[in-house]
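This report concerns only the one structure given below.
Coordinate-derived values only; no laboratory data. Every value quoted in this text rests on a predicted model; they were computed, and no experiment measured them. As a convention, Cβ positions derive from the backbone with ideal geometry for all residues, glycine included, and neighbour counts pool all protein chains shown.
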Amino acid sequence: MNNKIATAVANSALGYKFALDAILKLDVEESKDWSISLNDEEIDSILDNLTSDLDAERIEIIEILRDLYSHIALNEIVPNGQSLSKSMMDKYDKHHADLDVLKKVISNMDDRKKS
């Protein structure tokens with residue numbers, strides 16, 4: 001695997017823009033059209049437009065990339081070993097503690113209007 005493909009695969013997994021044409025080893029006229037991010041809100045329609053003429057093997061590669069991205073994105077929301085509920089409760093508790101610290105800092109400031 002060459003460096004360009006490895007970089008594109010890593011970027012796709014992290015939700016950054018990547019060159020899908022490089023991963024699929026396609027020779028395209030408009031490579032900027034193939035620079036996509038799996039984090040894009042319109043990714044389904046973008047992929048539908050790009051993949052209409054691809055063979056089954058290349059479509060399977062795209063599905064694998066999407067699965068990898070989804071696993072990584074979900075793991076950022078819900079760390080291993082936690083349920084979704086537990087993860088959200090921990091985030092709420094951290095937010096509550098951060099808000100308390102912020103309120104204390106503001107109350108200790110001399111000129112409250114500047115805050």
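Counting the residues of region 1-15 that are exposed (fewer than 15 other Cβ atoms within 10 Å of the Cβ) and part of a loop (DSSP other than H, G, I, E, B) gives 2.
Looking across region 33-84 at every residue that is part of a loop (DSSP other than H, G, I, E, B) and touching a Leu at 6+ places or on another chain (Cβ under 8 Å), the one that is nearest to V9 (Cα to Cα) is identified as L38.
Is it fair to say N49 is touching a Gly at 6+ places or on another chain (Cβ under 6 Å) and more than 18 Å from I5 (Cβ to Cβ)? For N49, the condition - touching a Gly at 6+ places or on another chain (Cβ under 6 Å) and more than 18 Å from I5 (Cβ to Cβ) - is not met. None of L38, L65, L20 is within 15 Å of the chain's Cα centre (by Cα), surrounded by 11 or more Cβ atoms within 10 Å (Cβ to Cβ) and touching a residue at least 40 places away in the same chain (Cβ under 8 Å) except L65.
A Cβ distance below 8 Å, combined with a sequence gap of six or more or placement on separate chains, defines the contacts here; from region 45-58, residues that are free of Cβ contacts under 8 Å to residues at least 12 places away in the same chain reach residues that are part of a helix (DSSP H, G or I) in the pairs T51/R58; T51/I59; T51/I62.
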